[in-house]
Structure formats: structure tokens, C-alpha cells
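One structure below.
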Amino acid sequence: MIRILHSVSNMDRAGIETMLMNYYRHIDRDKIQFDFLCNKTKPGAYDDEIKNMGGKIYRTSGLNPAKYPKYLAYMKNLFAENPEYRIVEAHNGALGVYTLHAAKVNHIPVRIFHAHGASITKDWKLPIKLFCKSRLKANINHNFTCGIAAAECYFGKRVVDDGDYELIPNAIEVEHFVFNADIRKYLREKYKLQNKNVIGHVGRFMTQKNHSFLLEVFKQLSEKDNQAYLVLLGDGELMESMKQKARELDIVEKVLFVGNVGNANEWYQAFDVFVLPSIWEGLPVVGVEAQTADLPCVFSDCVTKEIGFSDKAQFVPLKAPMSGWVEALQSALSMKERSDNSALIREKNYDIKNEAIKLQNRYLKLAEET
């Protein structure tokens, strides 16, 4: 059996982590096992499932420059105690170089950087992230990516032009997300949404997802549409401040904060429109899920255009007037018909049953080469 060590933040319900779990559930675990190097101490929603499937979870002291000697010592000990690790894959954005450098100095032969984002968040860590990004090339030997925009961001245009990367689609369990009228009826009755125009969003409450802007857009939409209702799935550090903002905008009675739940696939059925006003994205898993449910989708222009494979997807500039966003949502709400969209999703290579076999074979080949 080959054991692959994936470096992540923690294994909570979020895009990257959900993508990893989709692949993990569908590979042959007699041949390949996933283990997870978590760089936050907070437990994740997937921890128990990982352990039940035979995976291991390690927790580091975090990706902090001041603590790097401690981190490096931890990794040296981890690799010494677990010599079976020959493949390490980092999913931490530019900070993934910490793990990959530790793998290199400890002679791990296969060091994969998996690009997920098409931009780097401009926060106080930006100088650190830019330095880490500049060191990626020296510490990796395989380029994985969820999409072309993410590959260009982290590997550069020359790498993309040369085709020196491997595209790993953010594949999903298609049958779980295909439109289901019965589930829609059940959830809408349970939450008294029968006569509502439900705008849905799935995403962690963090700056990148732009919830503050979404609430402001919804405020204007609700002034034009008395039946408009906003449903937010997810958790995160900004959740309480967004609840406060909803109160300040006087829309709290029209906004449902669902939290971090395991039935997002069912909620897509209850939505009428899916909206993702992110400041940046790679190729978001939630966009694949929403289009599998045949939902009209309104994305910001900072979301890669690669995700717009349904004729119900539209992109709106973040710099557009608020009225432009309201009009886009009203237009999307007029698209009432929903049907089985699975053929399109499989055509675009987002069926996990097929893609897991491809990734499994790739890992086996990499292991043979070490």
C-alpha cells in the first residue's frame, strides 16, 4: 500500500478538503491511503471519517515563519518515524512550500504542489506568501492544479503553455447533486420556503468569499422582491460579524445562517439561484455542485471563467453597480425549469467515479518511479 501525505489547513468542510474527501472515498484504499498533515489544531468535520477509513491525522505547530525551526524538527521526526512516505502533496497555497521544503530536505522523492487558487489574498501575510511562492519551484517536482487559472497563478504562464502540469478536476459524486424535486419540496416545506425566491450561497465565512458584499446586494434585492430569501451554508471566523451586519441592514428575518452541515447537496435542490461573489477563486467545487443541480449561477468576474460550463451561468464584475448584481439575480430567478444535468457534468470530467481512477493510477505510477 502507498501512503500519501496531504498538507492542509484542517479537515473541515471547505472546498479543498471536500475535494480531497471525494477522491479519498473513491480510490482503492487497499492500494492507496491518504493521510493528512493539519496545520491548525482545530479538529475538522471529516476527522472521524478519515480515521474510520484508515487514514492518519497529524497536527503541526502551524505555518509560522517564527516557528519554522520547530516545524522542520517536527517534520524530520515524522518522516523518520514513517519511512513509508514517498509522496507528499501540499494544498496550502504558497505556504505549502513549508511542507514541500521539509519533504525535500528529508529526501522525499515525490513533492507535489496542488494549485487551487487563481489569486493570492492581499492581507498582512502577503509579503510572506509572495516569498513562499518564489521558493515553490525549487522545492517541488510535480505540478497539480484544479484549473488553468490556478496553474498560471502558481506555476506561471510558461509552465501552462508548455503543458507542464496535471489537471485534477474538482470532481464530485454526481448522483448526489442531480436535481431532485422531492428533496426540494421536503426542505422548502421544513424551512417554510415554499413561496420564497431562495438565493443560496455555500462558502466559508472568510474575506475571500465576500459575504459582506453579498448581504448588501441582497438588501437591495429584497427591497424589490418581497419574497427574496437568502440562505448561507458554511462556518468561519466572520460568521458572527456577518450576522451582526444582517441585523444592521434590517434583513435578519430574510437570511438563514445554516452553518456547517453535511447535506449541502440537498440544499442545492432547495435553492432557486446560486451566488458566488468571491474576491478570488480557483475552480470552486461549489460551482460544480450547483451546476450539477441545474441551478442558475451568478459568479463574480473574479471567479475563473472555466467554471461557467452551464448556459445558466453568468459572471458579474465586482466593480459593477449594485443594481447590476440585483438585475443578474432577478434574471437568474426567472429561470424556473430544472432538469438532470449529469450528462454535461460527466462530459466536463467532474464525475468522481471516473476521475478517482485516473488519479489513483497517477499516484501508482509516481510511486513506481521512486
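Points worth noting:
- Residue satisfying condition, being of a type in the set (S, T, N, Q), outside any helix (DSSP H, G or I) and either open to solvent by 10 Å² or more (accessible area, probe 1.4 Å) or within 20 Å of ASP351 (Cβ to Cβ) (or both), within set ASN265, ASN226: ASN226
- Selection within segment 338-370 - buried (at least 17 other Cβ atoms within 10 Å of the Cβ) and under 26 Å from LYS185 (Cβ atoms): ARG338, ASN341, SER342, ILE345
- Applying the criterion of being under 18 Å from VAL8 (Cβ atoms) and in contact with an Asp or Glu (Cβ under 9 Å, 6 or more places away or on another chain) to the residues of segment 117-142, the residue that is modelled with the highest pLDDT is HIS142.
- Selection status of LEU364, outside any loop (DSSP other than H, G, I, E, B), touching a residue at least 12 places away in the same chain (Cβ under 8 Å) and not hydroxyl-bearing (Ser, Thr, Tyr): yes
- When segment 190-212 is filtered for residues that are at pLDDT 95 or above, farther than 24 Å from ASP12 by Cα and open to solvent by 30 Å² or more (accessible area, probe 1.4 Å), the ones remaining, listed by number, are LYS190, TYR191, LYS192, LYS196, ASN197.
- Selection status of LYS185, open to solvent by 50 Å² or more (accessible area, probe 1.4 Å) and either under 25 Å from the mean Cα position of the chain (by Cα) or under 19 Å from ILE279 (Cβ atoms) (or both): no
- Look at segment 131-154: where a residue is within 13 Å of ALA103 (Cβ to Cβ) and a partner is among the charged types (D, E, K, R), sitting 6+ places away or on another chain with Cβ atoms under 6 Å, you get ASN139/LYS104; ILE140/ARG111; ASN141/ARG111.
- Options LYS42, LYS31; residue that is open to solvent by 40 Å² or more (accessible area, probe 1.4 Å) and more than 20 Å from ARG111 (Cα to Cα): LYS42
- Applying the criterion of being open to solvent by 20 Å² or more (accessible area, probe 1.4 Å) and aromatic (Phe, Trp, Tyr) to the residues of segment 117-174, the residue that is nearest to GLU355 (Cα to Cα) is TYR165.
The values are calculated or read from the model by the stated rules, or taken from the named source; none is laboratory data. These figures come from a predicted structure and were not determined experimentally. Every residue, glycine as well, gets a Cβ built from its backbone with ideal geometry; the counts of neighbours run over all protein chains shown. The area values use the complete protein model at the heavy-atom level, side chains included, leaving out ligands, DNA and RNA. Shrake-Rupley method; radii C 1.70, N 1.55, O 1.52, S 1.80 Å.
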